[in-house]
1. If the limit is 32 Å between Cα atoms, which of 104/209; 89/236; 83/142 go over it?
2. Of (i) 19.2; (ii) 18.3; (iii) 22.9, which is the value of Kirkwood radius over Cα pairs in Å derived from the coordinates here?
3. Which of the helices in the chain meet the span-like rule: DSSP H, Cα axial reach of 18 Å or more, Kyte-Doolittle mean at least -1.0?
4. Listed highest first by mean packing, meaning other Cβ atoms within 10 Å per residue, what order do 224-231, 138-145 come in?
5. For the chain, modelled as a GNM with alpha-carbon contacts under 10 angstrom, which of 16, 124, 60 fluctuates the most?
6. So what's the back-of-envelope 222 nm ellipticity for the chain, counting only DSSP H runs of four-plus at -39500 (n - 2.57) apiece and dividing by all residues, rounded to 500?
7. Using alpha-carbon positions, what is the distance between the centroids of the stretch 106-184 and the stretch 1-72, in Å?
8. What is the sum of charges, Lys and Arg at +1 and Asp and Glu at -1, for the other residues whose Cβ falls under 15 Å from the Cβ of residue 167?
Amino acid sequence: MNDHQLLRYSRHILLDEIDIEGQEKLLAAHALIIGAGGLGSPAALYLASAGVGTITLVDDDTVDLTNLQRQILHTTERIGQAKVVSGQKTLSDINPGINIVALKERVSGERLNELVGQASVVLDCSDNFATRHAINRACVAKRVPLVSGAAIKFDGQISVFDARSGNAPCYACLFPEEQQFEEVNCGTMGVFAPLVGIIGSMQAAEALKLIAGIGTSLAGRLLLLDARTMEWSSIKIARNASCSICGQAH
């Protein structure tokens, strides 16, 4: 690190668990964030400010007036602009010393596998089960840790699925692909604005811990938040040996 970086990241370097070595790991890392909306906004902001060297933002949507209640990457002047382009500008303004890659795409299949394979950690900030399952399949195949978050109304959840560990569950162990779940979205149900900030910031925290190799991740645990009472619940998740994605047969 140069003198400018030592000063910029000095408050991280002062932490014994991070120090210069940990900060250098962050600078060398590549975070893939899928979704530049409510969850992706705070997650990306904290990863950028913390000095993750390369951040790839993936989203095929454009900024809409209804987004601005909670999607803090974007501004009124950028309505109609691609979210990834808006996000790239915001993150570059916060930290011009890192590389921000903006991909206006809806990724799947081999393209998704390619992007996941290039990443140190993946943050799922999407809003539908099909995308979440596709991301999980790619992370299991490429053995890349996945930080998954979700938020709707006043309810949030976050967990880590780390395919590098032989006994860690994957997302499909919790939500099997073959099982039907009701899709809900904030366009019809609404979402409490600070809730996505809480969950998205926690996604950034888990990603930074995974990159730097500090603390204990949420792998094997699902945290649930009821923002009306600010009460957290923690549920242990076991690996499903018959899981269609990470089970013994696969």
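1. Details: 104/209 28 Å; 89/236 39 Å; 83/142 27 Å.
Cα-Cα > 32 Å for 89/236; rest within.
2. Comparing each candidate, only (ii) matches the computed number.
3. Counting only whole DSSP H runs, the qualifying helices are 129-142, 193-212.
4. Values: 224-231: 12.9, 138-145: 21.2.
Output ranking for 224-231, 138-145: 138-145, 224-231.
5. 16
6. Working: 10 runs with 94 residues, N = 250.
Mean residue ellipticity at 222 nm (helix-derived): -11000 deg cm²/dmol.
7. The stretch 106-184 and the stretch 1-72 have Cα centres spaced 19 Å from each other.
8. Taking every other residue near residue 167 into account, the sum is +4.
No lab work stands behind these numbers, since they all come straight from the coordinates. No experiment lies behind these values; they were computed from the predicted model shown. Cβ sites come from the backbone with ideal geometry, for glycine too, and all protein chains shown count toward neighbours.
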